[in-house]
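**Q** Mind looking over this structure? Questions follow.
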Amino acid sequence: MSSYIINGNKKLNGEVKISGAKNAALGILAAALLTDEDVTIENIPDVRDINIMLEVIMGLGVSVSRVDRNTVIINSKNMKTTVVDDMKLRNIRAGYYFVGALLGKCKSAKVRLPGGCDIGARPIDLHLKGFNSLKANAYIEDDFIITQADELIGSNIYLDVVSVGATINIMLAACLSQGITTIENVAKEPHVVDVANFLNSMGANIKGAGTDIIKIKGVKSLHSTNYSIIPDQIEAGTYMILSAITAGDITVKNVIPKHLESIIAKLLDMGNNVIVYDEAVRVIGNEKQFATSIKTMPYPGFPTDLQPQISCTLSIAKGDSVIVESIFDNRFKYVNEIKKMGAVIEINSNTLNIVGVEKLNGSNMTATDLRAGAALVLSALSAKGTSKIANIEYIERGYEDFENKLKELGADIKKEE
Ligand code: EPZ
């Protein structure tokens, strides 16, 4: 396992180009299997989760040609199996998108249960409910999700809980079904909309993505497309928060500001100055952050994937802050790590009570998951002294060129194998 060695207490300044959205790319890669024609995907982030997904896709007999670091051409006309049992799937969450795609295209799938960040119970009951509503027989047996159907018949599905994964997976299964499928109480995240737009670019008939109801009219087949993935909302938010925690001046480029509204609102609450351009956002960090309260919510609310980063920033705010994590039930594992830096944080069920301190002090810590790892890096860059953060492989799952992008902003960071 590798570590970062960070010398903190520096204001970070400059520009950072945001990469393609990991959580859109993962659904889009599975969606590419729904046609036998060439699918060209641009602006795909070169991160571990994506590369694992591509390796698993190749293992199915699907041709994957890497045009360049961020562009792939996928063709699944020679796909040789609908059994996806690659052990690498234990390391990522999005393996379950193979179920929706293979069920949608081949009416059968057997996929190893997903892994992914340990941020609480991550059931897939809503995915199975959706597939069964489409008249598939979907169930979990041993370590696999298994499903088959004679025909997939459109149906009305209500998601009890807003779920990004279930929304995307049911779209994948329904777009080649017979008739009309309505999914209610869907996730509206930018990456969900991007997968819907990608499927429509292949000839699917999906309406309402980004609203509470998605309506899918099944079509006979899907065709080739050339599609560019949207910028990563969470990567952008991470660098915006970095400017706040280091009282720096950072411009995130190649973003869609509309996707960042909840983050901009909170950073303004905390006393930072934010300037919004057409495809960039500049955050001028305040010397001292103001305390605030935040509750994570499905989009367009404040993203759970930025909860660790903003909580660590509030640990050096002036005053007391309250954070409610309403999406996952165990997304505070980083708190014990940042307490080593002097943060004063109390966990009460799904709520953090933070008492702001003057400054954090460098310490030896361990990343516990992707976004928590990023939050510890942000904290170390702000803290006095030197920090060592172990298990940074978690961070490499979702942040392209993380170390280099930070160095270009003036960070004193180096990787130790
Ligand atoms: C996606 O996970 C993202 N991962 C997560 O990002 C993100 O935190 C999450 O959406 C919420 O935005 C990917 O896109 C690969 P959910 P997902 O289904 O789809 C419950 C990152 O850092 N639920 O929206 O697994 C679930 O327990 C990762 O990039 C059910 O109850 O999340 C949770 O409480 C971490 N039954 C809530 O819904 C189900 O069948 C939201 O989960 C499915 C979910």
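The values are calculated or read from the model by the stated rules, or taken from the named source; none is laboratory data. What you see is a predicted model, and the numbers here were worked out from it, not measured in a lab. FYI the Cβ positions are ideal-geometry reconstructions off the backbone, even for glycines, and counts take in every protein chain you see. SASA here: full protein model, heavy atoms, side chains in, ligands and nucleic acids out. Shrake-Rupley method; radii C 1.70, N 1.55, O 1.52, S 1.80 Å.
**Q** Does LYS288 count as without any contact (Cβ under 8 Å) to a residue 24 or more places away in the chain and either closer than 21 Å to ALA411 by Cβ or not in a strand (DSSP E or B) (or both)? Reasoning before the result, please.
**A** Numbers: without any contact (Cβ under 8 Å) to a residue 24 or more places away in the chain: no; either closer than 21 Å to ALA411 by Cβ or not in a strand (DSSP E or B) (or both): yes.
In short, no.
**Q** A further question on this structure: Quick check on my filter: what residues within the range 310-332 are within 14 Å of the ligand (Cβ to nearest atom) and either open to solvent by 40 Å² or more (accessible area, probe 1.4 Å) or outside the structural domain of GLU358 (by TED's automatic domain parsing) (or both)?
**A** Across the range 310-332, the qualifying residues are SER326, ILE327, PHE328, ASP329, ASN330.
**Q** For the range 164-181, how many residues meet the condition of being open to solvent by 20 Å² or more (accessible area, probe 1.4 Å) and farther than 21 Å from PRO231 by Cα?
**A** Taking the range 164-181 first, the residues open to solvent by 20 Å² or more (accessible area, probe 1.4 Å) are 164, 176, 178-180.
Within this subset, residues satisfying the condition of being farther than 21 Å from PRO231 by Cα are 176, 178-180.
So the answer is 4.
**Q** Moving to a separate point now. Please find, among GLY104, GLY165, GLY116, the residue that is outside any loop (DSSP other than H, G, I, E, B) and within 8 Å of the ligand (Cβ to nearest atom).
**A** Just a single option satisfies the conditions, and that option is GLY165.
**Q** For residues that are under 21 Å from ASN91 (Cα atoms) and acidic (Asp, Glu), scanning just the range 30-63, find the one that is surrounded by the most Cβ atoms within 10 Å (Cβ to Cβ).
**A** Applying the filter and picking the extreme gives ASP49.
**Q** If you don't mind, there's one more thing I want to ask. The conditions are (1) under 17 Å from the mean Cα position of the chain (by Cα); (2) more than 16 Å from the ligand (Cβ to nearest atom); (3) surrounded by fewer than 20 Cβ atoms within 10 Å (Cβ to Cβ), and PRO300 fails exactly one of them. Which is it?
**A** Failing condition for PRO300: (2).
**Q** If you don't mind, another one. (1) under 18 Å from GLU400 (Cα atoms); (2) in the same structural domain as VAL195 (by TED's automatic domain parsing): which one isn't true of LYS77, the others all being true?
**A** The failed condition is (1).
**Q** Something else about it: Quick check on the range 96-116: of everything there that is in contact with a strand residue (DSSP E or B) (Cβ under 8 Å, 6 or more places away or on another chain) and at pLDDT below 95, which residue is surrounded by the most Cβ atoms within 10 Å (Cβ to Cβ)?
**A** This residue is ARG112.
**Q** Is one or more of the residues making up the range 347-370 in contact (Cβ under 8 Å) with a residue 12 or more places away in the chain, among the basic types (Lys, Arg), open to solvent by less than 40 Å² (accessible area, probe 1.4 Å) and not assigned by TED's automatic domain parsing to the domain that holds ILE52?
**A** First, the residues of the range 347-370 that are in contact (Cβ under 8 Å) with a residue 12 or more places away in the chain: 347, 350-370.
Imposing the further condition that a residue be among the basic types (Lys, Arg) reduces the set to 359.
Okay, now just the ones that are also open to solvent by less than 40 Å² (accessible area, probe 1.4 Å), so none.
No, the range 347-370 contains no residue that is in contact (Cβ under 8 Å) with a residue 12 or more places away in the chain, among the basic types (Lys, Arg), open to solvent by less than 40 Å² (accessible area, probe 1.4 Å) and not assigned by TED's automatic domain parsing to the domain that holds ILE52.
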